[in-house]
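Before any comments, here is the structure.
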Amino acid sequence: MSNEQTLSIVKPDAVERNLVEDIKNIFIKNSLNIIDSKKIHITKDEASEFYKVHQSKPFYNDLCAYLSSGPIVVMIENAILANRKLMGATNPKEAEENTIRKLYGISIDKNSVHGSDSLENAKKEIEFFFKN
Ligand code: UDP
Ligand code: MG
């Protein structure tokens, strides 16, 4: 069995709307294990460090302000691609039916969830939130 891990985040828009349990249940029902989970509220500096890969993008500043705007739930799950498939496309308008972003995303920025996009980034992102 694979011991691959990914970092999953329920973003502020979804925590605020009390969607954490609904979102966790979608992952669990689709055979993902939630290995660890915690609710935190990060600073803008921490968000800027986390989203460093996007620092050249026009949306970087707003994205970091947004991720630090309220509590988030960070989770470790056990499959990168399965997590990304269940999240759906970055823009909720383009996401497939029954994906988390289609069901709950508000807009391309307030799209309810984050999931690591590769093994390499998953390792870094888990380290960022779960190791001191
Ligand atoms: N984002 C945004 N505007 C854009 C593209 C992305 O605000 O035009 C935000 C959105 O919240 C997205 C995050 O930046 O989830 C990271 O972007 P990425 O391209 O990595 O999308 P993801 O991997 O989250 O689907
Ligand atoms: Mg990404």
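The values are calculated or read from the model by the stated rules, or taken from the named source; none is laboratory data. All values reported here derive from a predicted model rather than from experimental measurement. Every residue, glycine among them, receives a Cβ derived from its backbone with ideal geometry; neighbour counts consider all protein chains shown.
Are any residues in the stretch 89-100 more than 23 Å from Asp36 (Cβ to Cβ), in contact with a helix residue (DSSP H, G or I) (Cβ under 8 Å, 6 or more places away or on another chain) and in a helix (DSSP H, G or I), and if so, which ones?
Hit for the stretch 89-100 is Pro92, nothing else.
Could you please find all residues in the stretch 66-82 being buried (at least 16 other Cβ atoms within 10 Å of the Cβ) and either basic (Lys, Arg) or not in a loop (DSSP other than H, G, I, E, B) (or both)?
Tyr66, Leu67, Ile72, Val73, Val74, Met75, Ile76, Glu77, Ile80, Ala82 - these are the residues of the stretch 66-82 that are buried (at least 16 other Cβ atoms within 10 Å of the Cβ) and either basic (Lys, Arg) or not in a loop (DSSP other than H, G, I, E, B) (or both).
Suppose we keep only residues that are in a strand (DSSP E or B) and near ligand 2 (Cβ under 10 Å from one of its atoms) within the stretch 107-127. Which one would you say is nearest to Glu46 (Cα to Cα)?
Checking each candidate, the answer is His114.
Residue by residue, here is whether (1) hydrophobic (A, V, I, L, M, F, W, C); (2) touching a helix residue (DSSP H, G or I) at 6+ places or on another chain (Cβ under 9 Å); (3) within 15 Å of Ser8 (Cβ to Cβ); (4) within 15 Å of ligand 1 (Cβ to nearest atom) holds:
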site: Met87; (1), (2), (3), (4): yes, yes, yes, yes
site: Ser112; (1), (2), (3), (4): no, yes, yes, yes
site: Asn121; (1), (2), (3), (4): no, yes, yes, yes
site: Ile126; (1), (2), (3), (4): yes, no, yes, no
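Given the condition modelled with pLDDT under 95, surrounded by fewer than 12 Cβ atoms within 10 Å (Cβ to Cβ) and not polar (S, T, N, Q), answer yes or no: does some residue in the stretch 13-23 qualify?
no
Quick one: which of Ser56, Ser37 is assigned to a strand (DSSP E or B) and free of Cβ contacts under 8 Å to residues at least 40 places away in the same chain? Even if it seems obvious, please write down each step before you answer.
Numbers: Ser56 fails: assigned to a strand (DSSP E or B).
Result of the check over Ser56, Ser37: Ser37.
Scan the stretch 103-132 and report the pairs whose first residue is in contact (Cβ under 8 Å) with a residue 24 or more places away in the chain and under 14 Å from Phe50 (Cα atoms) and whose second residue is within 11 Å of ligand 2 (Cβ to nearest atom) and in a loop (DSSP other than H, G, I, E, B), with Cβ atoms within less than 6 Å and a gap of 6+ or a chain change.
Every condition considered, the pairs that remain are Ala122/Ser116; Glu125/Ser116.
Select, from Leu63, Leu7, the only residue that is touching a residue at least 24 places away in the same chain (Cβ under 8 Å), of a type in the set (A, V, I, L, M, F, W, C) and either crowded, with 20+ Cβ neighbours inside 10 Å or closer than 18 Å to Phe130 by Cα (or both).
Details: Leu63 fails: either crowded, with 20+ Cβ neighbours inside 10 Å or closer than 18 Å to Phe130 by Cα (or both).
After ruling out the rest, the residue left standing is Leu7.
Of the residues that sit in the stretch 83-106 and are surrounded by 15 or more Cβ atoms within 10 Å (Cβ to Cβ) and of a type in the set (Lys, Arg), which one is nearest to ligand 2 (Cβ to nearest atom)?
Among them, the one singled out is Arg84.
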